[in-house]
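Below: the structure, in structure tokens.
The values are calculated or read from the model by the stated rules, or taken from the named source; none is laboratory data. The shown structure was predicted, so the numbers you read here are calculated from the model rather than taken from an experiment. Glycine gets a Cβ as well: all are built from the backbone with ideal geometry, and neighbour counts include every protein chain shown.
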Amino acid sequence: MKIGEAARYSGISAKMIRYYETTGLIGPAERSGSNYRDYSDKDVHELRFVRRARDLGFSVAEIGELLDLWRDRGRRSSEVKRFVRDHTTRLRGKIDQLEAMVVTLQSLAGQCAGDERPDCPIIEELARTGDTPRAR
């Protein structure tokens, strides 16, 4: 199948498929006589694996590692479990950061009158320079 069909069946855009090929995340597709990319069902299955991993927040580099584990039939499930637990720990850290941002923004919004006056604690907080390191 051509790249458009592979994109439709995998849920990954043709542009991203070409990017993944360029970066080496996935192998290059076979080429037809007219030099069109020609994808097999196996290629689409691999692309779906990539899409699912992206949906779960894995980076391109991490997906490369997951693909290596997937292809390695001699792998230990403990390696995969450790990999996913490490990812989960990183996600929890990001969640904590996002929750702290929400609390800060809610507090700032609560301090803002939201009226016609120009005074706004939100802008004042964003403009504050006391807590940032100086450029060298």
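Things to note:
- Selection count where residues are more than 21 Å from residue 26 (Cα to Cα), surrounded by 11 or more Cβ atoms within 10 Å (Cβ to Cβ) and of a type in the set (Lys, Arg), scope segment 66-93: 2
- The residues listed here are 93, 57, 33; of these, the one that is in the same structural domain as residue 122 (by TED's automatic domain parsing) and out of contact with any Pro (no Cβ under 8 Å at 6 or more places or on another chain) is 93.
- Here 53, 7 are screened, and the one residue that is in a helix (DSSP H, G or I), small (Gly, Ala, Ser), under 17 Å from the mean Cα position of the chain (by Cα) and at pLDDT 95 or above is 53.
- Filter pass, residue 80 being in the same structural domain as residue 122 (by TED's automatic domain parsing), over 30 Å from residue 122 (Cα atoms), within 17 Å of the chain's Cα centre (by Cα) and among the aliphatic types (A, V, I, L, M): no
- Residues satisfying the stated conditions in segment 1-43, i.e. touching a Ser or Thr at 6+ places or on another chain (Cβ under 8 Å) and under 30 Å from residue 89 (Cα atoms): 17
- Failed item, numbered, when residue 34 is tested on (1) at pLDDT 95 or above; (2) part of a loop (DSSP other than H, G, I, E, B): (1)
- Contacts under 7 angstrom Cβ, first residue in segment 1-13 being assigned by TED's automatic domain parsing to the domain that holds residue 54, partner outside any helix (DSSP H, G or I) and aromatic (Phe, Trp, Tyr), 6 or more apart: 1/39; 2/36; 3/39; 6/39
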